[in-house]
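I'd like to ask some things about the structure below.
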Amino acid sequence: MKLTPKYFKENFPDWKRKKDSILTGILYRPISFVLASICANLRISANAVSYFSTLVALVAAVMFLFRIQTYHIVGSILMILWKILDCVDGNLARVVKKQPFGEFADSMSSYFLVGFTGAAMGIAVYFEGGLIFTPGNPWIILIGALASSSDTMMRLVYQKYNNNACKLVEQRIIKQEADFRTDNKLMNLVSRFGLGVIPEIVLFAAIFKVLDIAIIYYLFYYGGSFVLSTMLLVRKAIRKAKEYEMPDYE
């Protein structure tokens, strides 16, 4: 039986639709249904799409290292392609078949995209300048690096908290809790303004040679997300720790 784009659309979960940006829901998601049906009928797995999107993310970042505007535009278009592929592998995993290490493959591609493009754009602006920063200003490289590292730090802090929480659940010290990333309305709202709109902002910035504006947005979004998520996790950790009564020592 051949799987059609309609089949993928009908099996798309509402909780995922709520996290999509407006443009993703209107344009990229329908395109991903078509590509997912092609991949499924060609027996291309979700993991294969994820690994390919990792390569796309890496090439996108490299494009910003060239001192040619056309390359910067190509890099931003590749970021949009990455976003579509990120929808495709999710469609395949949910509807066709999940594979072992699927979460690893999917996460790695986003790590590559955010981890490298912010710093790469900072280097581009250092040489070419932008709307605010003049060529040769080293601060823009720092801003780009901080933007990329903020996303990495956010993921590291979350993973450490999650690993610790899982151990405590196994030891029956605390009860299983909901994932704040999916169940928290504030975090769902924040996610709509991340990779859901950043590629388009970068494309606009590349066309009009104002990549420094995109980098500043990177920093505000990922830096803000890092601070917000860390505060939420610290609050949860403190609350859970208080629920566990330590023995009194005399």
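The values are calculated or read from the model by the stated rules, or taken from the named source; none is laboratory data. What you see is a predicted model, and the numbers here were worked out from it, not measured in a lab. Cβ sites come from the backbone with ideal geometry, for glycine too, and all protein chains shown count toward neighbours.
Please pick out the residue among Arg43, Arg17 that is at pLDDT 90 or above, of a type in the set (Lys, Arg) and either within 20 Å of the chain's Cα centre (by Cα) or farther than 30 Å from Ile207 by Cβ (or both).
Arg43
Can you name the condition, by its number, that Gly122 falls short on among (1) more than 28 Å from Asp14 (Cα to Cα); (2) out of contact with any helix residue (DSSP H, G or I) (no Cβ under 6 Å at 6 or more places or on another chain); (3) not basic (Lys, Arg)?
(2)
Let me ask something else about it. Of the residues that make up the range 106-120, is at least one in contact (Cβ under 8 Å) with a residue 60 or more places away in the chain and farther than 21 Å from Ile80 by Cα?
Checked the range 106-120: no residue is in contact (Cβ under 8 Å) with a residue 60 or more places away in the chain and farther than 21 Å from Ile80 by Cα.
For (1) on the phi > 0 side of the Ramachandran plot; (2) surrounded by fewer than 18 Cβ atoms within 10 Å (Cβ to Cβ); (3) among the aliphatic types (A, V, I, L, M), each residue gets a yes or a no:
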| site | (1), (2), (3) |
| --- | --- |
| Pro5 | no, yes, no |
| Arg43 | yes, yes, no |
| Leu65 | no, yes, yes |
| Trp82 | no, no, no |
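Please enumerate the residues belonging to the range 1-20 that are part of a loop (DSSP other than H, G, I, E, B) and charged (D, E, K, R).
Across the range 1-20, the qualifying residues are Lys2, Lys18, Lys19, Asp20.
Among the residues in the range 115-138, are any part of a helix (DSSP H, G or I), more than 26 Å from Ser53 (Cβ to Cβ) and aliphatic (A, V, I, L, M)?
no
Within the set of pairs 6+ apart or on separate chains, which have a first residue in the range 209-223 that is under 14 Å from Trp139 (Cα atoms), a second that is buried (at least 23 other Cβ atoms within 10 Å of the Cβ) and aromatic (Phe, Trp, Tyr), and C-beta atoms under 6 Å apart?
Note: pairs meeting the criteria are Asp212/Phe133.
Are any of the residues in the range 21-33 crowded, with 17+ Cβ neighbours inside 10 Å, of a type in the set (A, V, I, L, M, F, W, C) and assigned to a helix (DSSP H, G or I)?
Checking the range 21-33: at least one residue is crowded, with 17+ Cβ neighbours inside 10 Å, of a type in the set (A, V, I, L, M, F, W, C) and assigned to a helix (DSSP H, G or I).
Being over 17 Å from Gly223 (Cβ atoms) and either modelled with pLDDT of 85 or more or out of contact with any Lys or Arg (no Cβ under 9 Å at 6 or more places or on another chain) (or both) is the filter here; which residues of the range 152-174 pass it?
Gln159, Lys160, Tyr161, Asn162, Asn163, Asn164, Cys166, Lys167, Glu170, Gln171, Arg172, listed by residue number.
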